[in-house]
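The values are calculated or read from the model by the stated rules, or taken from the named source; none is laboratory data. On a predicted model such as this, the values are computed, not experimentally measured, just so you know. Here the Cβ is made from the backbone with ideal geometry for all residues, glycine too, and neighbour counts use every protein chain on show. Protein only, heavy atoms only, side chains kept; ligands, DNA and RNA dropped before computing areas. Shrake-Rupley method; radii C 1.70, N 1.55, O 1.52, S 1.80 Å.
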Amino acid sequence: MSYTKIRITGTIEIKTGLHIGGDDSFSAIGAIDSPVVRDPRTREPVIPGSTLKGKLRTLLAREKGTVPAKGTAGFENDCPEIKRLFGSSSDTSNAECTGIQMSRLQFSDCFLENKKDLPQIFENKFENTIDRLSSVANPRQIERVVRGAEFGLEIIYNVEDHEQLEEDFENIGTAMNLLENDYLGGGGTRGNGRVLFKDLKAEPVTGDLKMTVPELKN
């Protein structure tokens, strides 16, 4: 059996201002307190593949009831369908866990696609942190990518078990649907980071897949 890969492509549309934090090690007086992460070559915003992967995994884990208590602690107890999609670095093995496992999904960074259609790429959102005892406000400026920005999505899925292909794609679609009803990046409870997945397509790019690629239903 040849080694088969399926490329998942589409668009991530930003519905409300998106803030994924970048380097704020230096801020001049009056500058943005919390800038967004940028492509070092173009200085345009980027959605890191690691950010997207981590959020999808966390949301799917909540759906499956296997959320770790703190950090990565507990990922070794994720159910098998999550581990085979997102991988596991744990060397623990028990009845519910197969130890170290490679991720079937390979996430690429997502780059801005519609710069020419936007009147501007960034916006500054002013927020206040209020001291509840003194009522003193601590204002700050948060940089966000404007709503309407679109980023290219590309994920590679490695076909390792044809019998699990349909279930894996169903779980990928579930994770995307959960993210559409949650948020990406920081400040989600304050209105940031609502996104929409559009124009999703999946097609084999290597190998010989002797079955139809399941439709991504998000």
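Scan region 183-197 for residues that are at pLDDT 95 or above, surrounded by fewer than 16 Cβ atoms within 10 Å (Cβ to Cβ) and part of a loop (DSSP other than H, G, I, E, B) and the total you get is 0. For region 120-153, the candidate set comprises residues that are at pLDDT 95 or above and open to solvent by 90 Å² or more (accessible area, probe 1.4 Å); within that set, the residue that is nearest to LYS5 (Cα to Cα) is ARG147.
The selection criterion, being modelled with pLDDT under 95 and open to solvent by 50 Å² or more (accessible area, probe 1.4 Å), does not hold for THR66.
Looking at region 34-48, can you tell me whether even one residue there is at pLDDT 90 or above, open to solvent by 20 Å² or more (accessible area, probe 1.4 Å) and of a type in the set (A, V, I, L, M)?
Checking region 34-48: at least one residue is at pLDDT 90 or above, open to solvent by 20 Å² or more (accessible area, probe 1.4 Å) and of a type in the set (A, V, I, L, M).
The condition of being buried (at least 21 other Cβ atoms within 10 Å of the Cβ), at pLDDT 95 or above and either touching a helix residue (DSSP H, G or I) at 6+ places or on another chain (Cβ under 7 Å) or of a type in the set (A, V, I, L, M, F, W, C) (or both) holds for LEU179. Within region 198-218, the set of residues being under 24 Å from GLU160 (Cβ atoms) and part of a strand (DSSP E or B) comprises LEU200, LYS201, ALA202, GLU203, PRO204, VAL205, THR206.
A Cβ distance below 6 Å, combined with a sequence gap of six or more or placement on separate chains, defines the contacts here; from region 35-46, residues that are in contact (Cβ under 8 Å) with a residue 60 or more places away in the chain and more than 13 Å from CYS110 (Cα to Cα) reach residues that are surrounded by fewer than 16 Cβ atoms within 10 Å (Cβ to Cβ) and not hydroxyl-bearing (Ser, Thr, Tyr) in the pairs PRO35/ASP24. When we screen GLU163, GLU215, GLU170, GLU203 for residues that are more than 17 Å from GLU13 (Cα to Cα), open to solvent by 40 Å² or more (accessible area, probe 1.4 Å) and free of Cβ contacts under 8 Å to residues at least 40 places away in the same chain, the only hit is GLU163.
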